[in-house]
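Before any comments, here is the structure.
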Amino acid sequence: MPIIAPSLLASDFLHLDRECQMLDESQADWFHLDVMDGRFVPNISYGMSIIKQIRKTTSKFFDVHLMIVEPEKYVEAFKEAGANGLTVHQEACPHLHRNIQQIKSFEMKAGVAINPSTPVFMLQDIIRDVDLVLVMSVNPGFGGQSFIEHSFQKIKELKSLINSTGSSAKIEVDGGISLENAADIIKAGADILVAGSSVFKSENPTETIRKMKEL
């Protein structure tokens, strides 16, 4: 069974407590929390204060995706806010190994994300050090985008790299995931599915999560 990590970026922030309760009571495994700084990506979302409030609603795993520059400045603050895992972008970290070790030093799961234009081979020197790799199947910054078909090939390449190096990293995929393509994404090698609009904009989010979980 895949790990289902609904992205709260697509939720109704006017009724965030209700949305969090729904996720907590659903079959969702993780809460996926997208943090954007308006510099690495052309959008601003939310930060530690909001995550700290969301943390009060659930004990589920907080999968925090940092779409920000200089993430090393905020690792401890995100830990204190309730993050269980932090994922940083390969493209934003000139000293990626140091970033990964810093995250692990705070006893969090450490992940690395790659944009649609970043090839998988860029991860070959870090793959054994990370707990997960997040394949962006849309360009980061905004929800509701369509899945980029080339992502299937990247997932397969990443699975091959993990197997050939003996890495234990999980493959997470984020962007344009729906009930229509989720099974094929899992078949390609994905372990974790991030779903935003397809969950929160559906008529019955809990049922949508259940159906994804059973794929």
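Nothing in this text is a laboratory measurement; each read-out follows from the coordinates by a stated rule. Since we're looking at a predicted model, the values are computed, not measured. Reconstructed Cβ throughout: ideal geometry from the backbone, glycine too, with neighbour counts over all protein chains shown.
Yes or no: the stretch 15-33 includes at least one residue that is farther than 26 Å from Lys211 by Cβ, assigned to a strand (DSSP E or B) and of a type outside the set (Val, Ile, Thr). No, the stretch 15-33 contains no residue that is farther than 26 Å from Lys211 by Cβ, assigned to a strand (DSSP E or B) and of a type outside the set (Val, Ile, Thr).
In this structure, Asp17 does satisfy being surrounded by fewer than 16 Cβ atoms within 10 Å (Cβ to Cβ) and acidic (Asp, Glu). Take the stretch 48-60 and flag every residue that is surrounded by fewer than 19 Cβ atoms within 10 Å (Cβ to Cβ) and either in contact (Cβ under 8 Å) with a residue 40 or more places away in the chain or part of a loop (DSSP other than H, G, I, E, B) (or both). Matches in the stretch 48-60: Lys56, Thr57, Thr58, Ser59, Lys60. Residues in the stretch 180-215 that are free of Cβ contacts under 8 Å to residues at least 60 places away in the same chain, of a type in the set (A, V, I, L, M) and surrounded by 15 or more Cβ atoms within 10 Å (Cβ to Cβ): Ile185, Ala188. All told, Phe78 meets the bar of being touching a helix residue (DSSP H, G or I) at 6+ places or on another chain (Cβ under 9 Å), assigned to a helix (DSSP H, G or I), crowded, with 20+ Cβ neighbours inside 10 Å and hydrophobic (A, V, I, L, M, F, W, C).
Select from the stretch 1-14 the residues that are of a type outside the set (Gly, Ala, Ser) and part of a loop (DSSP other than H, G, I, E, B) and write down the one among them that is farthest from Gly144 (Cα to Cα). If we take residues in the stretch 1-14 being of a type outside the set (Gly, Ala, Ser) and part of a loop (DSSP other than H, G, I, E, B), then Met1 is farthest from Gly144 (Cα to Cα). Would you point out which residue out of Ser117, Ser202, Ser197, Ser151 is of a type in the set (Gly, Ala, Ser) and closer than 18 Å to Val88 by Cα? Result: Ser117 is the single residue among Ser117, Ser202, Ser197, Ser151 that is of a type in the set (Gly, Ala, Ser) and closer than 18 Å to Val88 by Cα. In the stretch 120-142, the condition of being in contact (Cβ under 8 Å) with a residue 60 or more places away in the chain and of a type in the set (Asp, Glu) is met by no residue. Pull up the stretch 61-75, narrow it to residues that are assigned to a loop (DSSP other than H, G, I, E, B) and of a type in the set (A, V, I, L, M), then point me to the one that is farthest from the chain's Cα centre (by Cα). Ranking the qualifying residues of the stretch 61-75, first place goes to Val69.
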